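Notes for the one structure printed next.
The values are calculated or read from the model by the stated rules, or taken from the named source; none is laboratory data. Please read these numbers as outputs of a predicted model, since none were measured by experiment. Cβ atoms come from the backbone with ideal geometry, glycine included; neighbour counts cover every protein chain shown. Surface accessibility is based on the protein's heavy atoms, side chains included, excluding ligands, DNA and RNA. Shrake-Rupley method; radii C 1.70, N 1.55, O 1.52, S 1.80 Å.
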Amino acid sequence: MVKVAMIGVGAISGIYLKNITNVFKEVELVGVCDLIPERAEKGVQTVKEYIEAGAKAPVPKIYKDMYEAFNDPEVEVVLNLTRPYEHYGVTKAALEHGKHVFSEKPLAADMEEGDELVALAEEKGLLMGGAPDTFMGAGIQTVRKLVDDGYIGDIVATNCAMICHGHETWHPDPEFYYKRAGGPMMDMGPYYVTALVQLIGEAKGVIGMTKKTFPERIITSEPHYGEKIDVDIDTHLTGSIAFANGAVAQICTTFDVHYAPGAQCRFELYGTKGTICVPDPNTFGGPVLVYRPEDQVSGQAIDPGLMAHNAPQYYTGYKEVPLLFDYNENSRALGLSDMCKALRTGRDFRANYQQQHHVLEILTSFEKSSREGRYIPLKTHYTRTAPMQNNPMHGILDD
C-alpha cells in the first residue's frame, strides 16, 4: 500500500475518504490536514466510523499544517483536495518536498502555473496526476471501446454542453466558483474535455466566445445564506475544439442559464456510421445509447428517463449498450489508486499530468480566444492513455 496524506477536507473529500477506506487496497490514508481544524477532525471521525463498520484501515493523524504532512517521512503521495486556485501552491510545495502528487481538477489556474508544475515534476522525477478520473469508469470506457472498434466509423464531430445556473443555491461554500480558477469551464469543463481527448485524441486548437451575464450572485444555501458574491470571471463559455485527426468538437459550459434539474448534461459523438449519446462525464456509469441506420427498428424508442432529454421521439432507433467495464458507481480515488499502483510497479498510469496539462490548455484557451478574437493553436501534445482492463474474475466476457 502507498501511504497518502490528504490536504483539504472539504465537500469532495467525503467520497475520497469512503473509497480510500473501503474500496482501493493500493492506498493507505495516513493523515489529513485542513485550514479549518474542525473539517480535519470530521474527516478522521468519518474514517473511524468506516473502521467500526468493518473497514481495515488505520486511523489517520491530523497534521497542524500541510508542511507537517510534507515533512512526514511516512508520506509518499500528497492528495491535493484544496480549492482550485490553491492547487498550484500546494502541489508545488509538495513536489519541492519530494512527494508525488495527485490533485483534484484543474491542474492549476492557468498555463504559466501548469507549465511550472510539469517542469518541476519532471526535474525531480516525481509522479504527478489528477482528476477527473471519471473517464476510467464503465460509461466512458464502454464508449471508448465502441469508438476504438470502429462501431460508429471515423469520428466527425461532437457536441456537448453543461447547462445550469450556478452553485450558489446548493453548495455550502460557493464563492470560489466565481473567482480565479473558477467558472463553469474550469469547474465542469475538465470532465467533458478529458472525456473528449480520451475518445478522440490530441487537440490542436481552440476558438471561443465567453461572457459574464451576472456581475453579482446571492447565496441561497447554508451557512452563507444571503451573502453576496462579486463575480470575477466569465460564467458562459462556448466554442470549438479542432482535433489532430480532423474531428471538431462544440462545447458550451454555463452558470448563466435556468434549466430543468437533471437535464444539465448534453454529450453526443458523431461518426461516419452512427452516433453515440455519451453518458454524463461527471459520473462513472451510463447509460450509453447508440444509433446506426442499419440497426434502426421502426417505432423503437429509448425510455426518456435514461437520458437528460425529455423527448422520447428523439431516441427512436437508439439502442442501449450494456456497460462493458467495471466501476459504474462513484469511484473517485480510482485515478489515485491507479497512480499508486504505477508507483509500485513502474507501469504508466492513466490520469497523468500530460493529460491534465493538455486539458488545462484547452480549458484556458476559450477565454483567451474570446479576449484576443482569434484561433488559439495549442502548444501541448497528448497521447491517449491505456484503456481500462476488466478483472476476468468479474465474469465479463472477452472480445
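Being open to solvent by less than 50 Å² (accessible area, probe 1.4 Å) and either at pLDDT 95 or above or at positive phi (or both) is the filter here; which residues of the range 326-342 pass it?
Ser331, Arg332, Ala333, Leu334, Gly335, Leu336, Ser337, Asp338, Met339, Cys340, Ala342
Within the range 13-116, which strands (runs of 3 or more DSSP E) (wholly inside it) include 1 or more residues that are in contact with a Phe, Trp or Tyr (Cβ under 6 Å, 6 or more places away or on another chain) and at pLDDT 95 or above?
Per the criteria, 27-33, 77-80.
With Thr345, Thr364 as the choices, which residue is at negative phi, among the β-branched types (Val, Ile, Thr), open to solvent by 10 Å² or more (accessible area, probe 1.4 Å) and under 22 Å from the mean Cα position of the chain (by Cα)?
Thr364
In the range 342-379, which residues are without any contact (Cβ under 8 Å) to a residue 24 or more places away in the chain and of a type outside the set (Lys, Arg)?
Hits for the range 342-379 are Thr345, Gly346, Glu372, Gly373.
When the range 1-45 is examined, which residues are found to be open to solvent by 60 Å² or more (accessible area, probe 1.4 Å), under 15 Å from Lys341 (Cα atoms) and hydrophobic (A, V, I, L, M, F, W, C)?
Hits for the range 1-45 are Met1, Val23.
Could you check, for the range 142-164, whether at least one of its residues is in contact with a Phe, Trp or Tyr (Cβ under 9 Å, 6 or more places away or on another chain), closer than 23 Å to Ile12 by Cβ, part of a loop (DSSP other than H, G, I, E, B) and touching a residue at least 40 places away in the same chain (Cβ under 8 Å)?
yes
In the range 110-165, how many are charged (D, E, K, R) and either farther than 21 Å from Pro279 by Cα or surrounded by 24 or more Cβ atoms within 10 Å (Cβ to Cβ) (or both)?
Adding up the residues that qualify gives 9.
Go through the range 237-270 and give me each residue that's part of a strand (DSSP E or B) and more than 19 Å from the chain's Cα centre (by Cα).
Gly239, Ser240, Ala242, Phe243, Val248, Tyr270
Where residues in the range 271-294 are part of a strand (DSSP E or B) and not β-branched (Val, Ile, Thr), which of them is farthest from Lys212 (Cα to Cα)?
Tyr291
Does any residue in the range 96-111 that is more than 18 Å from Asp133 (Cβ to Cβ) come within less than 9 Å, Cβ to Cβ, of a residue that is of a type outside the set (Asp, Glu) and assigned to a strand (DSSP E or B) six or more places away or on a different chain, and which pairs are these?
Pairs found: His97/Val78; Lys99/Ala5; Lys99/Val77; Lys99/Val78.
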